[in-house]
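Written below as C-alpha coordinates is the structure these notes are about.
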Amino acid sequence: MHGFFETDILSDMQKPFYVKVLLVVTLLLGVNAFAGGNDPSTGDEKESLKSEIKEFIGHHLLDSHDFTLFTIDEEKNEHVGFPLPVILWDDGLKVFSSAKFHHGESVAEVDGNYYALYHGKIVKTDAEGTINYDEDHHATNEKPLDFSITKNVVFIFLVALLMLVLFGKMAKSYKTSSLPKGVGRLLEPIVLYVRDDIAIPNIGKKHYKKYMSYLLTVFFFIWIINLLGLTPLGVNVTNNIAVTFALAILTYLITTFTANKNYWKHIFWMPDVPVFMKVVLAPIELLGTFIKPFSLMIRLYANITAGHVVLMSILGMMFIFKNWIGSPLSFGLAFALSLLELLVAALQAYIFTMLSALYFGSAVEEHHDH
Amino acid sequence: MEKLIEQFSFGLFFWQLFLFIGLLLLLRKFAWKPILDAVENRESGIKDALEAAENAKKEMQNVTADSERLLQEARVERESMIKEAREMKDKIVADAKDLAQSEADKMIKQAQTAIESEKKAAMADIKNEVATLSLEIAEKVIKGQFSDKGKQLQLVEEMVGDIKLN
(Lines give C-alpha, C1' and ligand atoms only; values in the text may rest on other atoms or scores of the structure.)
Protein backbone atom coordinates (compact mmCIF):
# COMPACT_ATOMS: atom_id res chain seq x y z
CA MET A 1 0.00 0.00 0.00
CA HIS A 2 2.58 2.48 1.19
CA GLY A 3 4.89 1.68 -1.61
CA PHE A 4 2.21 2.21 -4.16
CA PHE A 5 1.31 5.64 -2.87
CA GLU A 6 4.91 6.68 -2.50
CA THR A 7 5.85 5.68 -5.99
CA ASP A 8 2.70 7.33 -7.22
CA ILE A 9 3.69 10.62 -5.62
CA LEU A 10 7.25 10.40 -6.78
CA SER A 11 6.47 9.27 -10.28
CA ASP A 12 3.87 11.85 -11.06
CA MET A 13 4.95 15.27 -9.83
CA GLN A 14 2.64 16.98 -12.31
CA LYS A 15 -0.50 16.07 -10.40
CA PRO A 16 -2.50 18.99 -9.01
CA PHE A 17 -1.67 20.10 -5.50
CA TYR A 18 -4.96 19.02 -3.91
CA VAL A 19 -4.49 15.47 -5.18
CA LYS A 20 -1.13 15.31 -3.42
CA VAL A 21 -2.65 16.65 -0.23
CA LEU A 22 -5.38 14.04 -0.40
CA LEU A 23 -2.80 11.31 -0.86
CA VAL A 24 -0.80 12.47 2.13
CA VAL A 25 -3.94 12.63 4.23
CA THR A 26 -4.91 9.10 3.26
CA LEU A 27 -1.44 7.89 4.07
CA LEU A 28 -1.31 9.43 7.49
CA LEU A 29 -4.80 8.23 8.39
CA GLY A 30 -3.80 4.75 7.36
CA VAL A 31 -0.71 4.87 9.52
CA ASN A 32 -2.67 6.16 12.47
CA ALA A 33 -5.41 3.57 12.21
CA PHE A 34 -2.74 0.91 12.12
CA ALA A 35 -0.95 2.31 15.18
CA GLY A 36 -4.24 2.71 17.06
CA GLY A 37 -5.20 -0.84 16.41
CA ASN A 38 -1.93 -2.01 17.92
CA ASP A 39 -2.41 -0.26 21.26
CA PRO A 40 -4.99 -1.92 23.51
CA SER A 41 -4.99 0.88 26.12
CA THR A 42 -6.09 3.62 23.68
CA GLY A 43 -9.80 2.76 23.86
CA ASP A 44 -10.09 3.25 27.62
CA GLU A 45 -7.91 6.32 27.49
CA LYS A 46 -10.15 7.82 24.84
CA GLU A 47 -13.25 7.07 26.88
CA SER A 48 -11.84 8.79 29.94
CA LEU A 49 -10.69 11.71 27.80
CA LYS A 50 -14.17 12.00 26.35
CA SER A 51 -15.81 12.09 29.73
CA GLU A 52 -13.19 14.57 30.90
CA ILE A 53 -13.94 16.84 27.96
CA LYS A 54 -17.65 16.45 28.57
CA GLU A 55 -17.16 17.40 32.19
CA PHE A 56 -15.01 20.35 31.21
CA ILE A 57 -17.66 21.63 28.79
CA GLY A 58 -20.34 21.18 31.42
CA HIS A 59 -18.20 23.05 33.89
CA HIS A 60 -17.49 25.79 31.39
CA LEU A 61 -21.18 26.37 30.78
CA LEU A 62 -21.87 26.84 34.48
CA ASP A 63 -21.36 29.90 36.55
CA SER A 64 -18.67 29.61 39.18
CA HIS A 65 -17.86 31.14 42.53
CA ASP A 66 -14.23 31.76 41.71
CA PHE A 67 -12.45 33.16 38.73
CA THR A 68 -10.38 30.35 37.30
CA LEU A 69 -8.48 31.17 34.15
CA PHE A 70 -7.08 27.68 33.73
CA THR A 71 -6.19 24.62 35.74
CA ILE A 72 -2.58 23.52 36.04
CA ASP A 73 -3.12 20.22 37.79
CA GLU A 74 -6.55 18.87 38.56
CA GLU A 75 -5.28 16.30 41.05
CA LYS A 76 -3.17 18.70 43.06
CA ASN A 77 -5.98 21.28 42.84
CA GLU A 78 -3.72 23.87 41.30
CA HIS A 79 -5.56 26.61 39.47
CA VAL A 80 -4.64 30.01 38.10
CA GLY A 81 -7.21 32.62 39.02
CA PHE A 82 -8.61 34.39 42.02
CA PRO A 83 -11.42 33.83 44.49
CA LEU A 84 -14.60 35.91 44.53
CA PRO A 85 -16.76 37.01 47.45
CA VAL A 86 -19.58 34.71 48.48
CA ILE A 87 -22.68 36.42 49.83
CA LEU A 88 -25.31 34.19 51.43
CA TRP A 89 -28.58 34.92 53.11
CA ASP A 90 -29.01 32.16 55.66
CA ASP A 91 -30.51 33.56 58.87
CA GLY A 92 -28.52 36.71 58.34
CA LEU A 93 -26.00 37.92 55.85
CA LYS A 94 -22.90 35.74 55.46
CA VAL A 95 -20.02 37.10 53.46
CA PHE A 96 -16.82 35.16 52.92
CA SER A 97 -14.26 34.46 50.23
CA SER A 98 -14.78 31.60 47.84
CA ALA A 99 -11.18 30.61 48.53
CA LYS A 100 -12.64 28.76 51.51
CA PHE A 101 -14.16 26.18 49.19
CA HIS A 102 -10.77 25.36 47.64
CA HIS A 103 -12.48 24.92 44.28
CA GLY A 104 -15.13 22.72 45.76
CA GLU A 105 -12.64 20.46 47.48
CA SER A 106 -13.46 21.47 51.02
CA VAL A 107 -16.31 22.60 53.20
CA ALA A 108 -16.43 26.26 54.22
CA GLU A 109 -17.27 26.97 57.83
CA VAL A 110 -18.90 30.33 58.55
CA ASP A 111 -20.42 31.24 61.94
CA GLY A 112 -20.86 27.61 62.83
CA ASN A 113 -22.61 26.77 59.55
CA TYR A 114 -21.02 24.54 56.94
CA TYR A 115 -21.37 25.15 53.24
CA ALA A 116 -20.17 23.11 50.32
CA LEU A 117 -20.22 23.46 46.55
CA TYR A 118 -22.40 20.92 44.83
CA HIS A 119 -22.51 21.18 41.01
CA GLY A 120 -21.62 24.85 41.22
CA LYS A 121 -24.32 25.59 43.79
CA ILE A 122 -23.79 26.30 47.44
CA VAL A 123 -25.56 23.88 49.77
CA LYS A 124 -25.67 23.70 53.52
CA THR A 125 -23.95 20.61 54.89
CA ASP A 126 -22.52 19.22 58.08
CA ALA A 127 -18.85 19.49 59.00
CA GLU A 128 -17.93 16.53 56.73
CA GLY A 129 -19.72 18.00 53.74
CA THR A 130 -22.21 15.13 53.41
CA ILE A 131 -24.63 15.46 50.55
CA ASN A 132 -27.98 13.74 51.07
CA TYR A 133 -29.84 12.43 48.09
CA ASP A 134 -33.46 11.51 47.51
CA GLU A 135 -34.50 8.53 45.36
CA ASP A 136 -34.14 10.57 42.11
CA HIS A 137 -30.52 11.31 43.06
CA HIS A 138 -31.26 14.95 43.79
CA ALA A 139 -29.46 16.65 46.63
CA THR A 140 -31.88 17.35 49.45
CA ASN A 141 -29.54 19.66 51.32
CA GLU A 142 -30.87 23.06 52.20
CA LYS A 143 -29.83 25.73 49.70
CA PRO A 144 -29.29 29.17 51.20
CA LEU A 145 -30.15 32.24 49.14
CA ASP A 146 -27.00 32.89 47.16
CA PHE A 147 -26.20 36.48 46.19
CA SER A 148 -22.53 35.78 45.56
CA ILE A 149 -20.46 37.86 43.22
CA THR A 150 -19.84 35.02 40.83
CA LYS A 151 -17.71 35.03 37.71
CA ASN A 152 -20.73 36.00 35.63
CA VAL A 153 -21.67 38.83 37.99
CA VAL A 154 -18.13 40.16 37.68
CA PHE A 155 -18.47 40.14 33.93
CA ILE A 156 -21.89 41.74 33.95
CA PHE A 157 -20.37 44.45 36.08
CA LEU A 158 -17.36 44.84 33.78
CA VAL A 159 -19.55 45.07 30.71
CA ALA A 160 -21.72 47.66 32.43
CA LEU A 161 -18.61 49.64 33.31
CA LEU A 162 -17.25 49.32 29.78
CA MET A 163 -20.52 50.53 28.30
CA LEU A 164 -20.67 53.46 30.70
CA VAL A 165 -17.16 54.52 29.71
CA LEU A 166 -17.67 54.01 25.97
CA PHE A 167 -21.02 55.69 25.67
CA GLY A 168 -20.23 58.32 28.26
CA LYS A 169 -17.21 59.29 26.17
CA MET A 170 -19.28 59.23 23.05
CA ALA A 171 -21.91 61.48 24.62
CA LYS A 172 -19.23 63.87 25.81
CA SER A 173 -17.72 64.19 22.34
CA TYR A 174 -21.00 65.67 21.12
CA LYS A 175 -20.62 68.58 23.49
CA THR A 176 -17.79 70.11 21.49
CA SER A 177 -18.95 69.28 17.98
CA SER A 178 -21.98 67.81 16.31
CA LEU A 179 -19.84 65.02 14.90
CA PRO A 180 -18.65 62.27 17.25
CA LYS A 181 -14.98 61.77 17.93
CA GLY A 182 -12.97 58.66 18.71
CA VAL A 183 -15.00 55.65 19.70
CA GLY A 184 -18.21 57.50 18.95
CA ARG A 185 -17.40 57.35 15.26
CA LEU A 186 -17.58 53.60 15.39
CA LEU A 187 -20.60 53.44 17.67
CA GLU A 188 -22.74 56.14 16.13
CA PRO A 189 -23.69 54.16 13.01
CA ILE A 190 -24.71 51.25 15.24
CA VAL A 191 -26.75 53.50 17.51
CA LEU A 192 -28.40 55.00 14.43
CA TYR A 193 -28.96 51.51 13.05
CA VAL A 194 -30.82 50.51 16.21
CA ARG A 195 -32.88 53.68 15.95
CA ASP A 196 -33.60 53.72 12.21
CA ASP A 197 -33.82 50.02 11.42
CA ILE A 198 -35.01 48.44 14.65
CA ALA A 199 -36.94 50.97 16.71
CA ILE A 200 -38.67 53.22 14.17
CA PRO A 201 -39.94 50.54 11.74
CA ASN A 202 -41.29 48.35 14.54
CA ILE A 203 -42.59 50.92 17.02
CA GLY A 204 -43.38 53.86 14.81
CA LYS A 205 -42.13 57.42 14.75
CA LYS A 206 -44.59 58.61 17.36
CA HIS A 207 -43.67 56.37 20.27
CA TYR A 208 -40.18 55.02 19.65
CA LYS A 209 -38.34 57.57 21.76
CA LYS A 210 -39.34 56.24 25.16
CA TYR A 211 -38.06 52.76 24.26
CA MET A 212 -34.74 53.83 22.79
CA SER A 213 -32.81 53.65 26.08
CA TYR A 214 -33.87 50.08 26.74
CA LEU A 215 -33.35 48.91 23.16
CA LEU A 216 -29.89 50.44 22.90
CA THR A 217 -28.81 49.17 26.30
CA VAL A 218 -30.06 45.65 25.71
CA PHE A 219 -28.57 45.51 22.21
CA PHE A 220 -25.10 46.59 23.22
CA PHE A 221 -25.19 44.64 26.48
CA ILE A 222 -26.02 41.34 24.78
CA TRP A 223 -23.63 41.96 21.95
CA ILE A 224 -20.63 42.90 24.08
CA ILE A 225 -21.21 40.17 26.61
CA ASN A 226 -21.63 37.59 23.82
CA LEU A 227 -18.37 38.73 22.29
CA LEU A 228 -16.60 38.49 25.65
CA GLY A 229 -17.94 34.96 25.91
CA LEU A 230 -15.94 34.09 22.81
CA THR A 231 -12.66 35.26 24.33
CA PRO A 232 -10.38 32.73 26.01
CA LEU A 233 -11.56 34.10 29.37
CA GLY A 234 -14.37 31.67 28.83
CA VAL A 235 -17.22 33.44 30.50
CA ASN A 236 -20.54 33.13 28.85
CA VAL A 237 -23.08 35.09 30.71
CA THR A 238 -25.97 34.80 28.28
CA ASN A 239 -26.03 31.02 28.52
CA ASN A 240 -27.42 31.39 32.02
CA ILE A 241 -31.16 31.13 32.02
CA ALA A 242 -31.25 33.58 34.95
CA VAL A 243 -29.64 36.29 32.83
CA THR A 244 -31.85 35.82 29.80
CA PHE A 245 -34.84 35.55 32.13
CA ALA A 246 -33.97 38.91 33.68
CA LEU A 247 -33.71 40.50 30.24
CA ALA A 248 -36.90 38.89 28.97
CA ILE A 249 -38.85 39.90 32.06
CA LEU A 250 -37.80 43.50 31.51
CA THR A 251 -39.14 43.35 27.96
CA TYR A 252 -42.35 41.82 29.32
CA LEU A 253 -42.74 44.46 32.03
CA ILE A 254 -42.05 47.35 29.67
CA THR A 255 -44.51 45.94 27.14
CA THR A 256 -47.18 45.45 29.78
CA PHE A 257 -46.82 48.80 31.50
CA THR A 258 -46.62 50.92 28.38
CA ALA A 259 -49.43 49.12 26.55
CA ASN A 260 -52.42 51.18 25.49
CA LYS A 261 -56.13 50.40 25.51
CA ASN A 262 -56.02 49.04 22.00
CA TYR A 263 -53.45 46.38 23.02
CA TRP A 264 -55.54 45.07 25.91
CA LYS A 265 -58.66 45.19 23.78
CA HIS A 266 -56.99 42.92 21.24
CA ILE A 267 -56.09 40.49 23.99
CA PHE A 268 -59.29 40.27 26.03
CA TRP A 269 -61.97 41.20 23.52
CA MET A 270 -60.67 40.78 19.99
CA PRO A 271 -62.56 43.17 17.75
CA ASP A 272 -64.29 42.14 14.53
CA VAL A 273 -64.73 38.45 15.40
CA PRO A 274 -67.84 36.62 16.67
CA VAL A 275 -68.46 36.62 20.43
CA PHE A 276 -67.69 32.94 20.68
CA MET A 277 -64.30 33.50 19.09
CA LYS A 278 -63.65 36.43 21.41
CA VAL A 279 -64.06 34.08 24.36
CA VAL A 280 -61.83 31.44 22.80
CA LEU A 281 -59.15 33.90 21.76
CA ALA A 282 -58.82 35.74 25.07
CA PRO A 283 -56.90 33.01 26.97
CA ILE A 284 -54.79 32.23 23.91
CA GLU A 285 -53.86 35.87 23.46
CA LEU A 286 -53.17 36.25 27.16
CA LEU A 287 -50.91 33.20 27.06
CA GLY A 288 -49.26 34.70 24.02
CA THR A 289 -48.12 37.72 26.01
CA PHE A 290 -46.15 35.36 28.27
CA ILE A 291 -44.90 33.14 25.49
CA LYS A 292 -43.38 36.05 23.60
CA PRO A 293 -40.85 37.03 26.29
CA PHE A 294 -40.41 33.34 27.16
CA SER A 295 -39.31 32.68 23.59
CA LEU A 296 -36.89 35.60 23.89
CA MET A 297 -35.39 34.03 26.99
CA ILE A 298 -35.04 30.56 25.51
CA ARG A 299 -33.79 31.73 22.12
CA LEU A 300 -30.88 33.71 23.50
CA TYR A 301 -30.01 31.06 26.07
CA ALA A 302 -30.21 28.15 23.64
CA ASN A 303 -28.30 29.82 20.82
CA ILE A 304 -25.38 30.83 22.97
CA THR A 305 -25.29 27.54 24.87
CA ALA A 306 -25.47 25.51 21.68
CA GLY A 307 -22.74 27.58 20.09
CA HIS A 308 -20.43 27.09 23.03
CA VAL A 309 -21.14 23.37 23.34
CA VAL A 310 -20.47 22.73 19.66
CA LEU A 311 -17.40 24.93 19.62
CA MET A 312 -15.91 23.29 22.69
CA SER A 313 -16.80 19.81 21.52
CA ILE A 314 -14.93 20.40 18.29
CA LEU A 315 -12.00 21.79 20.26
CA GLY A 316 -12.18 18.70 22.45
CA MET A 317 -12.05 16.48 19.38
CA MET A 318 -8.55 17.81 18.84
CA PHE A 319 -7.43 15.93 21.94
CA ILE A 320 -9.39 12.83 21.08
CA PHE A 321 -7.97 12.54 17.57
CA LYS A 322 -4.45 13.39 18.67
CA ASN A 323 -3.09 12.93 15.18
CA TRP A 324 -1.86 15.00 12.28
CA ILE A 325 -5.17 15.01 10.44
CA GLY A 326 -7.96 15.12 12.95
CA SER A 327 -6.48 17.75 15.20
CA PRO A 328 -5.77 20.36 12.52
CA LEU A 329 -9.11 19.55 10.95
CA SER A 330 -10.98 20.11 14.18
CA PHE A 331 -8.90 23.21 14.75
CA GLY A 332 -9.92 24.52 11.33
CA LEU A 333 -13.51 23.62 12.01
CA ALA A 334 -13.37 25.35 15.40
CA PHE A 335 -11.86 28.39 13.74
CA ALA A 336 -14.63 28.55 11.17
CA LEU A 337 -17.21 28.01 13.86
CA SER A 338 -15.70 30.79 15.96
CA LEU A 339 -16.23 33.16 13.04
CA LEU A 340 -19.81 31.95 12.85
CA GLU A 341 -20.18 32.53 16.59
CA LEU A 342 -19.02 36.12 16.10
CA LEU A 343 -21.94 36.52 13.76
CA VAL A 344 -24.28 34.74 16.16
CA ALA A 345 -23.18 37.07 18.97
CA ALA A 346 -24.34 40.09 16.99
CA LEU A 347 -27.30 38.29 15.49
CA GLN A 348 -28.74 37.25 18.84
CA ALA A 349 -28.36 40.79 20.16
CA TYR A 350 -30.14 42.01 17.03
CA ILE A 351 -32.93 39.46 17.30
CA PHE A 352 -33.53 40.14 20.97
CA THR A 353 -33.68 43.88 20.34
CA MET A 354 -35.75 43.52 17.19
CA LEU A 355 -38.36 41.30 18.83
CA SER A 356 -38.48 43.51 21.92
CA ALA A 357 -39.12 46.46 19.63
CA LEU A 358 -41.80 44.46 17.85
CA TYR A 359 -43.57 43.70 21.14
CA PHE A 360 -43.33 47.35 22.20
CA GLY A 361 -44.71 48.29 18.83
CA SER A 362 -47.74 46.07 19.31
CA ALA A 363 -48.22 47.56 22.77
CA VAL A 364 -48.47 51.13 21.51
CA GLU A 365 -50.11 50.43 18.17
CA GLU A 366 -52.93 52.88 17.54
CA HIS A 367 -56.36 51.64 16.68
CA HIS A 368 -56.87 51.21 12.97
CA ASP A 369 -59.68 49.84 10.85
CA HIS A 370 -59.32 46.26 9.79
CA MET B 1 -36.70 21.93 31.39
CA GLU B 2 -36.17 20.49 34.86
CA LYS B 3 -32.46 20.96 34.40
CA LEU B 4 -33.05 24.54 33.35
CA ILE B 5 -35.08 25.28 36.46
CA GLU B 6 -32.46 23.57 38.58
CA GLN B 7 -29.76 25.62 36.89
CA PHE B 8 -31.64 28.85 37.55
CA SER B 9 -29.59 30.90 39.96
CA PHE B 10 -31.60 33.46 41.85
CA GLY B 11 -28.47 35.35 42.84
CA LEU B 12 -27.41 35.77 39.24
CA PHE B 13 -30.93 36.82 38.31
CA PHE B 14 -30.90 39.41 41.06
CA TRP B 15 -27.51 40.79 40.07
CA GLN B 16 -28.36 40.83 36.38
CA LEU B 17 -31.59 42.69 37.03
CA PHE B 18 -29.96 45.08 39.48
CA LEU B 19 -26.90 45.84 37.37
CA PHE B 20 -28.82 46.01 34.13
CA ILE B 21 -31.42 48.42 35.46
CA GLY B 22 -28.65 50.51 37.00
CA LEU B 23 -26.81 50.50 33.70
CA LEU B 24 -30.00 51.38 31.85
CA LEU B 25 -30.74 54.36 34.09
CA LEU B 26 -27.18 55.65 34.06
CA LEU B 27 -26.81 55.27 30.31
CA ARG B 28 -30.17 56.90 29.73
CA LYS B 29 -29.12 59.95 31.69
CA PHE B 30 -25.47 60.23 30.68
CA ALA B 31 -25.32 58.63 27.26
CA TRP B 32 -28.46 57.86 25.31
CA LYS B 33 -30.24 61.12 25.93
CA PRO B 34 -27.30 63.39 25.03
CA ILE B 35 -26.30 61.16 22.11
CA LEU B 36 -29.76 60.92 20.59
CA ASP B 37 -30.44 64.59 21.22
CA ALA B 38 -27.16 65.59 19.60
CA VAL B 39 -27.81 63.35 16.61
CA GLU B 40 -31.34 64.65 16.29
CA ASN B 41 -30.17 68.25 16.54
CA ARG B 42 -27.60 67.58 13.90
CA GLU B 43 -30.15 65.95 11.64
CA SER B 44 -32.66 68.74 12.06
CA GLY B 45 -29.81 71.23 11.54
CA ILE B 46 -28.92 69.54 8.28
CA LYS B 47 -32.56 69.47 7.27
CA ASP B 48 -32.99 73.14 8.13
CA ALA B 49 -29.83 74.07 6.28
CA LEU B 50 -31.00 72.21 3.21
CA GLU B 51 -34.37 73.88 3.40
CA ALA B 52 -32.76 77.26 3.89
CA ALA B 53 -30.55 76.66 0.87
CA GLU B 54 -33.58 75.68 -1.15
CA ASN B 55 -35.42 78.77 0.02
CA ALA B 56 -32.45 80.96 -0.74
CA LYS B 57 -32.33 79.50 -4.21
CA LYS B 58 -36.01 80.24 -4.70
CA GLU B 59 -35.53 83.72 -3.30
CA MET B 60 -32.64 84.24 -5.64
CA GLN B 61 -34.78 83.15 -8.55
CA ASN B 62 -37.49 85.53 -7.42
CA VAL B 63 -35.01 88.34 -7.12
CA THR B 64 -33.66 87.64 -10.57
CA ALA B 65 -37.16 87.53 -11.97
CA ASP B 66 -37.97 90.73 -10.12
CA SER B 67 -34.96 92.57 -11.40
CA GLU B 68 -35.68 91.28 -14.88
CA ARG B 69 -39.19 92.62 -14.58
CA LEU B 70 -37.97 95.92 -13.18
CA LEU B 71 -35.52 96.25 -16.01
CA GLN B 72 -38.26 95.55 -18.49
CA GLU B 73 -40.47 98.10 -16.83
CA ALA B 74 -37.69 100.67 -16.81
CA ARG B 75 -37.08 100.01 -20.45
CA VAL B 76 -40.74 100.50 -21.27
CA GLU B 77 -40.83 103.62 -19.16
CA ARG B 78 -37.79 104.98 -20.85
CA GLU B 79 -39.35 104.30 -24.21
CA SER B 80 -42.52 106.05 -23.24
CA MET B 81 -40.59 108.92 -21.68
CA ILE B 82 -38.52 109.39 -24.80
CA LYS B 83 -41.65 109.25 -26.89
CA GLU B 84 -43.37 111.75 -24.66
CA ALA B 85 -40.37 114.03 -24.76
CA ARG B 86 -40.28 113.83 -28.49
CA GLU B 87 -43.97 114.68 -28.66
CA MET B 88 -43.46 117.49 -26.22
CA LYS B 89 -40.58 118.84 -28.24
CA ASP B 90 -42.58 118.66 -31.45
CA LYS B 91 -45.47 120.37 -29.80
CA ILE B 92 -43.29 123.07 -28.34
CA VAL B 93 -41.62 123.65 -31.65
CA ALA B 94 -44.98 123.73 -33.39
CA ASP B 95 -46.37 126.03 -30.75
CA ALA B 96 -43.37 128.26 -31.02
CA LYS B 97 -43.72 128.28 -34.76
CA ASP B 98 -47.39 129.18 -34.50
CA LEU B 99 -46.70 131.85 -31.98
CA ALA B 100 -43.90 133.30 -34.02
CA GLN B 101 -46.07 133.22 -37.10
CA SER B 102 -48.95 134.94 -35.41
CA GLU B 103 -46.59 137.44 -33.81
CA ALA B 104 -44.96 138.09 -37.12
CA ASP B 105 -48.36 138.41 -38.75
CA LYS B 106 -49.42 140.77 -36.07
CA MET B 107 -46.24 142.81 -36.44
CA ILE B 108 -46.57 142.88 -40.20
CA LYS B 109 -50.17 143.96 -39.83
CA GLN B 110 -49.21 146.64 -37.40
CA ALA B 111 -46.44 147.76 -39.72
CA GLN B 112 -48.82 147.80 -42.62
CA THR B 113 -51.33 149.78 -40.63
CA ALA B 114 -48.58 152.14 -39.54
CA ILE B 115 -47.32 152.43 -43.10
CA GLU B 116 -50.87 153.02 -44.30
CA SER B 117 -51.50 155.71 -41.77
CA GLU B 118 -48.07 157.26 -42.44
CA LYS B 119 -48.87 157.08 -46.10
CA LYS B 120 -52.19 158.75 -45.53
CA ALA B 121 -50.58 161.40 -43.38
CA ALA B 122 -47.89 161.85 -46.01
CA MET B 123 -50.47 162.04 -48.71
CA ALA B 124 -52.42 164.63 -46.77
CA ASP B 125 -49.22 166.56 -46.23
CA ILE B 126 -48.34 166.27 -49.88
CA LYS B 127 -51.84 167.36 -50.81
CA ASN B 128 -51.58 170.36 -48.59
CA GLU B 129 -48.12 171.07 -49.88
CA VAL B 130 -49.32 170.62 -53.45
CA ALA B 131 -52.29 172.83 -52.79
CA THR B 132 -50.11 175.48 -51.26
CA LEU B 133 -47.57 175.14 -54.03
CA SER B 134 -50.32 175.24 -56.64
CA LEU B 135 -51.78 178.28 -55.07
CA GLU B 136 -48.38 179.93 -54.93
CA ILE B 137 -47.75 178.94 -58.54
CA ALA B 138 -51.18 180.06 -59.50
CA GLU B 139 -50.61 183.34 -57.67
CA LYS B 140 -47.30 183.76 -59.39
CA VAL B 141 -48.78 182.83 -62.76
CA ILE B 142 -51.73 185.01 -62.21
CA LYS B 143 -49.41 187.82 -61.05
CA GLY B 144 -47.35 187.18 -64.17
CA GLN B 145 -50.42 187.04 -66.38
CA PHE B 146 -52.03 190.06 -64.91
CA SER B 147 -48.96 192.22 -65.42
CA ASP B 148 -49.65 192.15 -69.14
CA LYS B 149 -53.14 193.41 -70.01
CA GLY B 150 -53.25 191.76 -73.32
CA LYS B 151 -52.60 188.48 -71.99
CA GLN B 152 -55.15 188.99 -69.29
CA LEU B 153 -57.76 189.72 -71.80
CA GLN B 154 -56.73 186.82 -73.94
CA LEU B 155 -57.09 184.57 -70.95
CA VAL B 156 -60.40 185.86 -70.08
CA GLU B 157 -61.45 185.33 -73.55
CA GLU B 158 -60.11 181.87 -73.58
CA MET B 159 -61.84 181.07 -70.35
CA VAL B 160 -65.04 182.58 -71.58
CA GLY B 161 -64.62 180.50 -74.69
CA ASP B 162 -64.14 177.42 -72.57
CA ILE B 163 -67.22 178.18 -70.66
CA LYS B 164 -69.18 178.57 -73.80
CA LEU B 165 -67.93 175.30 -75.01
CA ASN B 166 -69.09 173.69 -71.86
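The values are calculated or read from the model by the stated rules, or taken from the named source; none is laboratory data. Keep in mind that this is a model prediction, so the values were computed, not measured. Positions of Cβ are backbone-derived with ideal geometry, glycine not excepted, and every protein chain shown enters the neighbour counts.
Within the stretch A:269-294, which residues are surrounded by 14 or more Cβ atoms within 10 Å (Cβ to Cβ), in a helix (DSSP H, G or I) and not β-branched (Val, Ile, Thr)? Explain how you work it out, then say what you get.
Taking the stretch A:269-294 as the starting set, the residues that turn out to be surrounded by 14 or more Cβ atoms within 10 Å (Cβ to Cβ) are A:269-270, A:278, A:281-282, A:285, A:289, A:292-294.
Add one more test, that the residue is in a helix (DSSP H, G or I), and what stays is A:278, A:281-282, A:285, A:289, A:292-294.
Across the stretch A:269-294, the qualifying residues are A:LYS278, A:LEU281, A:ALA282, A:GLU285, A:LYS292, A:PRO293, A:PHE294.
Based on this model, can you work out whether B:LEU27 counts as part of a helix (DSSP H, G or I) and under 29 Å from A:VAL159 (Cα atoms)?
Details: part of a helix (DSSP H, G or I): yes; under 29 Å from A:VAL159 (Cα atoms): yes.
The answer is yes for B:LEU27.
Among the residues of the stretch A:240-254, how many are more than 10 Å from every other protein chain (Cβ to nearest Cβ) and either touching a Pro at 6+ places or on another chain (Cβ under 8 Å) or polar (S, T, N, Q) (or both)?
Our first condition is that a residue be more than 10 Å from every other protein chain (Cβ to nearest Cβ); within the stretch A:240-254, this holds for A:248, A:251-254.
Then keep just the ones that are either touching a Pro at 6+ places or on another chain (Cβ under 8 Å) or polar (S, T, N, Q) (or both); that gives A:248, A:251-252.
Residues flagged as more than 10 Å from every other protein chain (Cβ to nearest Cβ) and either touching a Pro at 6+ places or on another chain (Cβ under 8 Å) or polar (S, T, N, Q) (or both) within the stretch A:240-254 amount to 3.
Just to be sure before I move on: is A:LEU227 assigned to a helix (DSSP H, G or I), away from chain B (no Cβ under 14 Å), out of contact with any Phe, Trp or Tyr (no Cβ under 9 Å at 6 or more places or on another chain) and modelled with pLDDT of 90 or more in the structure I sent? Before you say what the answer is, go through the steps one by one.
Values: assigned to a helix (DSSP H, G or I): yes; away from chain B (no Cβ under 14 Å): yes; out of contact with any Phe, Trp or Tyr (no Cβ under 9 Å at 6 or more places or on another chain): yes; modelled with pLDDT of 90 or more: yes.
Spelling it out, A:LEU227 is indeed assigned to a helix (DSSP H, G or I), away from chain B (no Cβ under 14 Å), out of contact with any Phe, Trp or Tyr (no Cβ under 9 Å at 6 or more places or on another chain) and modelled with pLDDT of 90 or more.
Looking only at the stretch A:126-144, decide whether some residue is touching a helix residue (DSSP H, G or I) at 6+ places or on another chain (Cβ under 7 Å) and not polar (S, T, N, Q). Walk me through it before giving the result.
Here is the first cut: in the stretch A:126-144, the ones touching a helix residue (DSSP H, G or I) at 6+ places or on another chain (Cβ under 7 Å) are none.
No, the stretch A:126-144 contains no residue that is touching a helix residue (DSSP H, G or I) at 6+ places or on another chain (Cβ under 7 Å) and not polar (S, T, N, Q).
Conditions: (1) within 26 Å of A:VAL237 (Cβ to Cβ); (2) surrounded by fewer than 14 Cβ atoms within 10 Å (Cβ to Cβ). A:GLU142 meets all but one. Number of the miss?
All conditions are met except number (1).
Tell me the residue from B:ALA96, B:ALA131, B:ALA111 that is of a type outside the set (Asp, Glu) and under 28 Å from the mean Cα position of the chain (by Cα), please. Spell out the reasoning first.
Working: B:ALA131 fails: under 28 Å from the mean Cα position of the chain (by Cα); B:ALA111 fails: under 28 Å from the mean Cα position of the chain (by Cα).
Result: B:ALA96 is the single residue among B:ALA96, B:ALA131, B:ALA111 that is of a type outside the set (Asp, Glu) and under 28 Å from the mean Cα position of the chain (by Cα).
Just to be sure before I move on: is B:GLY11 part of a helix (DSSP H, G or I), touching a strand residue (DSSP E or B) at 6+ places or on another chain (Cβ under 9 Å), facing another protein chain (nearest Cβ under 8 Å) and among the small types (Gly, Ala, Ser) in the structure I sent? If you could, list the steps in order and put the result at the bottom.
Numbers: part of a helix (DSSP H, G or I): yes; touching a strand residue (DSSP E or B) at 6+ places or on another chain (Cβ under 9 Å): yes; facing another protein chain (nearest Cβ under 8 Å): yes; among the small types (Gly, Ala, Ser): yes.
So B:GLY11 passes the test.
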